[in-house]
């Protein structure tokens, strides 16, 4: 038996290609990534990632201003639920349950799109996720004024969850286009590596993530302003942004295929 080579940087499959690996949350630790996840959860360019972040910020601002819930960061909804429960305001606490459940529903929907039977119908899960997001957001804007807030917020959170689950990588690094906490950590970590180790790749990643964070903030500012100006109709602006993301995703995939065949 040959000794284990702890210093090998890349294993190869039987086909002679590098075994797919992905860095997890621990520095320097590698974990296996399933092939369909590698192809189905990536924003291939900074432009697409920025557009998605712009949408994410706008939706979060819209949901909080209109309905008092976070459409992206479910941590906030859990905290608000716990605070209301601690104060004995059980009816108020329960208003945060539908968004949390809707977020879970969005995750399950994206995972279902990857299953063999649905994958045969929807060959591009990301594209299907964006189409679904456009349809749901546009439909929310058409709902009558008397529609229960819980239903509206659940639908918006569902779309945010679909986006969060469908796009989990920015070019080559784990990222989120619907919240900033993990992105801020990644930006700070890579900025440190760039300054201390003079790592050019870390500098590139730091710039990318700072751009995404800045664009998310811009989306939140625009979402707040448009919500105050347009009310419920502001959701159509978010739907239009997702449609732009869809076309950008199509363009990136075509350019990627053209580059691979060149």
Could you tell me whether any residue of region 112-134 is farther than 29 Å from residue 46 by Cβ and surrounded by 14 or more Cβ atoms within 10 Å (Cβ to Cβ)?
yes
Kindly establish whether residue 186 is buried (at least 20 other Cβ atoms within 10 Å of the Cβ) and in contact (Cβ under 8 Å) with a residue 24 or more places away in the chain.
no
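Rundown of residues vs (1) in contact with a strand residue (DSSP E or B) (Cβ under 8 Å, 6 or more places away or on another chain); (2) loosely packed, with under 14 Cβ neighbours inside 10 Å; (3) closer than 17 Å to residue 185 by Cβ; (4) in contact (Cβ under 8 Å) with a residue 12 or more places away in the chain, yes/no style:
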{"site": "207", "(1), (2), (3), (4)": "no, no, yes, no"}
{"site": "213", "(1), (2), (3), (4)": "no, no, yes, yes"}
{"site": "216", "(1), (2), (3), (4)": "no, no, yes, yes"}
{"site": "220", "(1), (2), (3), (4)": "no, no, no, yes"}
{"site": "224", "(1), (2), (3), (4)": "no, no, no, yes"}
{"site": "235", "(1), (2), (3), (4)": "no, no, no, yes"}
{"site": "238", "(1), (2), (3), (4)": "no, no, no, yes"}
Consider only pairs whose beta carbons are under 6 Å apart and that are at least six residues apart or on different chains; among these, list those whose first residue lies in region 132-149 and is farther than 15 Å from residue 237 by Cβ and whose second residue is modelled with pLDDT of 95 or more and in a loop (DSSP other than H, G, I, E, B).
none
Out of the residues in region 68-97 meeting the condition of being in contact with a helix residue (DSSP H, G or I) (Cβ under 6 Å, 6 or more places away or on another chain) and free of Cβ contacts under 8 Å to residues at least 12 places away in the same chain, tell me which one is nearest to residue 152 (Cα to Cα).
92
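The values are calculated or read from the model by the stated rules, or taken from the named source; none is laboratory data. Keep in mind it's a predicted model, so treat the numbers as computed, not measured. Cβ atoms come from the backbone with ideal geometry, glycine included; neighbour counts cover every protein chain shown.
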